[in-house]
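Here the structure is laid out as structure tokens; the discussion comes afterwards.
FYI, it's all coordinate maths here, none of it is from the lab. On a predicted model such as this, the values are computed, not experimentally measured, just so you know. Positions of Cβ are backbone-derived with ideal geometry, glycine not excepted, and every protein chain shown enters the neighbour counts.
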């Protein structure tokens, strides 16, 4: 009986006007998103290649003097991800450039170079955007009148006059909507992959296909939850227009209200210092250190062994440590504020979906933080390498100055000897482990709401 | 008769669940939205005060004209609380250099203290209004005709002397009047928050702009009511009408604005700013070579073996300051500046076409986004509102034009007074106290360490003239005209479709 009901529901949905129109919209959006992505990604990749070439040229120039190589600030820019069609993980909005030298990882910055400031800041038309906005809305639109609509049409009583339990009816309706929405999404994804394959500009390898599989699973979980919300609003009211309003309120609450209030909560519950206050502290520390420095701390000479170079190196090291102390603490506060705020937004299934995408793709905040931590380790290696290189040079007094090259080796160095920072891809095993709690949360949410819907439906007056 | 229909629909609507839910939605959304915007505005004001103080302090410490690099700090736009526009993408500081025309402002006023929080989007008042009101307009209007048809009251109404057009006008007016209290409530709530914030001072002209925003919002609601009406007249059942209305809503309010913006980036390519910077750096290198040659030529002309300085410091954009150096060095720098400053200015003129080409590319991309946004009423509203809130790209480009004009005025000031050729351009020391090279080598250069700062009263100052109301209205005219045109088309369409509506 369940399968009969399920098939009937599927047929009804497929022949409905709302499905046909939705299908057109979904396929159109997936196609537009993919075509635009291919062009934008190719451009970003080409720009990154130019930037990378320029970086190598600069490094070669700096390598003519080992001290220049160690002290001059370099920037590491995150490479565009080919899997950002799945989800850009809001990487455009995060800092994407790290400033470092052999002595310190100074800061993380937002690199605006390929962003047009005259355009509105909007999200990319990625698969995750389509699912979180369009598919979740469609799931509600398909589910809001499942019960209340049938009651209005007086078909619900007729169905229940058969020997079938209410639980089975609810389950069949739920499963049919879930299947249709998921199938529509998968169709959109397949078209998107087809367009990308034809273009030949996006690498579609096993990793990408595994990530796509992960994305479909996550999508299924989100749609399952949103559909339950639709079902719940349908059994909550006897009138389909009221059900719709309740559904819309759910959607607005999770897709708009919770994300929109995040900044408010961040500032009220987890405030951090203002940037200019931190800058003022650094400036004050700088002034104090300079005022208390022994005389001759700013003296220099063409002779590396000039004894005041040691004073100069000491002062420069203290100045850098002063800046590092405040900056590092500020950046850690920033991470903490972001993480705490994000835990509040987990109330929204759409925020959970975004987090799961981040885990699945190894992008966004996770990528940023991993790189930040890895760069700290790399910087230690880089400095050790430089110190070892410097130790071999008899012409160097080995007085380490993080900002200048007066008192360390001036010898040229082969670029192949220098340790290079490369981004580590987060392994799939680690991604799966991290995704566990979000999946559990989504499933728990779905199970609880389905149970409530079931209880309400059992008590539902079909007359 | 129209009045009776209006009254009946108005009363039915305001006591309905949808009205209560609409008001509740606004009660939840508006305070949060306005609070976040006010917080952000206060932060901008704080940054403005700090930046302004630093800029003025820096200017007061100048002792030579080569150090005159005024930094213009833009006052945060108070109407940005209602609509941020592109102000959220750009900085608040413009430093005036001789070697380059200002292209984009720098600074952190537009970004949050924690850039990671940019990942959490925060909507402004107008965006929330465009989302909620369009939704409510469709929810109130999707069953204008279908419900009457389903309940069988439509035939009953037309059995009297009621025309179809007056009926339609009455229905539409009824819905519009039902939504007006919600709209008014939203504006009232937001203005209350603004008025109760002591840091925010809106001028009378700003309040007039808010009033015009209210009128624009009514027009916007009308477009969606008419959209709901035409759908209601087009289909037979309310369930089909609501689905169609909701699909229209998600398409026009969410999907098309993002698709349009994403497509415009993909259709119109812009150069990478790194490449533009490289071209500008190449010109700087070319100039550097010329300066090197001139350096040698002047030394030769003055029969100098080398250059000796006593207290010298330098910085960006040709800033150089010295005192206690021998007269030969002073003369060398005077001659070098006489040659180099006009050349640096000419290099700025050579750099400008490169910068302009980049800017034109960005503008072309923005125009494409704007053209694509004509397909969405919410985007049209946002365009019109951005002009009224002085946060449109036109306002930004106008401001940058003003900064470039100011640079020209400053250059003219320096040229007219022949300051490049004077010692005061690089030394605060009185030329009568310059020492000869021989005395300098002997160490006889007893120069005081303290010098007066420059009196900059006569130096032109920058006055930011924000767009007047008439300019803003002119800028937003096309948007408003488009909304009116869409309303007329939709209304005519509703009449045509409803006239053919089968009452049976």
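Send over the Kirkwood Rh of segment A:19-128, from the inverse of the averaged 1/r over different Cα pairs, rounded to one decimal Å. Write down the numbers at each step before the final one.
On the way: mean 1/r = 0.0606 Å⁻¹.
Across segment A:19-128, the inverse of the average 1/r is 16.5 Å.
From the C-alpha coordinates alone, can you work out the Kirkwood hydrodynamic radius of segment B:244-341, in Å?
Numbers: mean 1/r = 0.0543 Å⁻¹.
Value: 18.4 Å, from the Cα pair sum.
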What full-extension length gain, to one decimal in nm, is calculated for residue B:8 and residue B:500 as 0.36 nm per residue of separation minus the Cα-Cα distance?
174.7 nm
Just the number, please: Stokes-Einstein D of the protein assembly as shown in µm²/s, Kirkwood Rh from C-alpha pairs, 37 °C, 0.692 mPa s.
102 µm²/s
Counting only other chains, and only Cβ atoms inside 10 Å, what mean value do you get across the residues of A:324-333?
1
For q = 0.17 Å⁻¹, what log10 I(q)/I(0) does segment B:130-184 give under the Debye formula with an equal point scatterer on each alpha carbon and no solvent?
-0.60
Taking 2.2 N^0.38 Å as the expected size of a compact globular protein, what ratio does the Cα radius of gyration of segment A:291-441 give against it, to two decimals?
1.50
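Would you calculate, for the protein assembly as shown, the mean residue ellipticity at 222 nm contributed by helices, counting each DSSP H stretch of 4 or more residues as -39,500 (n - 2.57) and dividing by all residues, to the nearest 500? Show your work: numbers first, answer last.
Working: 30 runs with 624 residues, N = 967.
Here the helix-only value at 222 nm equals -22500 deg cm²/dmol.
Set the Förster radius R0 to 25 Å, insert the Cβ-Cβ distance between residue A:270 and residue B:45 as r into 1/(1 + (r/R0)^6), and round the FRET efficiency to 0.05.
Numbers: r = 22 Å, r/R0 = 0.89.
About 0.65, to the nearest 0.05.
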Order of A:212, B:433 from fewest to most other C-beta atoms within 10 Å?
B:433, A:212
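Given the alpha-carbon gyration tensor of segment B:366-479, what are the semi-axes of its equivalent ellipsoid in whole angstrom, ordered largest first, with each equal to the square root of 5 times an eigenvalue?
Numbers: eigenvalues 599, 39, 26 Å².
Output for segment B:366-479: semi-axes of 55, 14, 11 Å.
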Separation between Cα centres of segment B:386-440 and segment B:232-311, rounded to whole Å:
26 Å
Hey, got the Cα dimensions of segment B:225-287 along the principal axes, in Å, largest first?
74, 16, 13
Could you work out how much longer the chain between residue B:374 and residue B:158 gets when fully extended? Use 0.36 nm per residue separation minus the Cα distance between them, nm to one decimal.
74.0 nm
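Any idea what diffusion coefficient segment B:1-111 gets from Stokes-Einstein, in µm²/s, Kirkwood Rh on alpha carbon pairs, 4 °C, 1.567 mPa s?
Calculated translational D: 72 µm²/s.
In square nanometres and to one decimal, what's the mean projected area of the convex hull around the Cα atoms of segment B:267-397? Don't jump to the answer; show the numbers that get you there.
Details: hull surface 45.5 nm².
Taking a quarter of the hull surface, the average projection is 11.4 nm².
Between residue B:274 and residue B:438, take the C-beta separation as r, use R0 = 51 Å, and let me know the FRET efficiency to the nearest 0.05.
Working: r = 51 Å, r/R0 = 1.00.
Computed FRET efficiency for residue B:274 and residue B:438: 0.50.
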Using a simple spin-label model with points 7 Å from Cα along the Cα→Cβ vector, what separation in nm is obtained for residue B:470 and residue A:155?
6.3 nm
Distance (nanometres) between label positions extended 7 Å along Cα→Cβ at residue B:477 and residue B:15
4.7 nm
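Kindly state, to the nearest 0.05, the FRET efficiency for residue A:205 paired with residue A:110, given R0 = 41 Å and r defined as their beta-carbon distance.
Details: r = 30 Å, r/R0 = 0.73.
In this case the efficiency is close to 0.85.
Could you tell me what a quarter of the Cα convex hull surface of chain A works out to, in nm² with one decimal place? Display every interim value, and only then the final one.
On the way: hull surface 106.1 nm².
Here the figure is 26.5 nm², rounded to one decimal.
Cα-based Rg of chain B per 2.2 N^0.38 Å, rounded to two decimals? Spell out each step's value before the answer.
Details: Rg = 31.7 Å, N = 504, 2.2 N^0.38 = 23.4 Å.
The reported ratio for this selection is 1.35.
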Residues in segment A:120-146 that a label on residue A:20 would reach, taking backbone N under 18 Å of a point 7 Å out along Cα→Cβ:
A:142
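Inside 10 Å of the C-beta atoms of A:252-263, what's the mean count of C-beta atoms belonging to other chains?
Values: counts 7, 3, 0, 1, 9, 7, 1, 5, 12, 10, 7, 13.
Average per residue, whole number: 6.
To the nearest whole number, what is the average tally of beta carbon atoms from other chains within 10 Å of the beta carbons of peptide A:270-277? Could the numbers behind the result be given before it?
Values: counts 1, 2, 3, 2, 7, 9, 8, 3.
Counting Cβ atoms of other protein chains within 10 Å of each residue's Cβ and averaging gives 4.
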Arranged from highest to lowest average of other beta-carbon atoms within 10 Å per residue, in what order do the peptides A:258-265, B:458-465 appear?
A:258-265, B:458-465
Give the Rg (one decimal place) followed by the Dmax (whole number) of segment A:248-330, computed from C-alpha coordinates and expressed in Å.
22.9, 75
Using a 10 Å cut-off on Cβ atoms, rank the peptides B:423-432, A:440-449, A:124-133 from the highest mean neighbour count down.
A:124-133, B:423-432, A:440-449
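Sort B:160-168, B:186-194 by packing, meaning the average of other beta carbons within 10 Å per residue, with the highest value first.
Highest-to-lowest ranking by the protection proxy: B:186-194, B:160-168.
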Cα-projected label distance for residue A:283 with residue B:492, points at 7 Å along beta-carbon direction, nm
6.2 nm
Find how much the distance from residue A:53 to residue A:190 grows on full extension, using 0.36 nm per residue of separation minus their present alpha carbon separation; answer in nm with one decimal.
45.8 nm
Would you mind estimating how fast segment A:118-211 diffuses translationally, via Stokes-Einstein at 4 °C and 1.567 mPa s with the Kirkwood radius over Cα pairs, in µm²/s?
78 µm²/s
Can you divide the C-alpha Rg of segment B:328-430 by 2.2 N^0.38 Å and report the result to two decimal places?
1.68
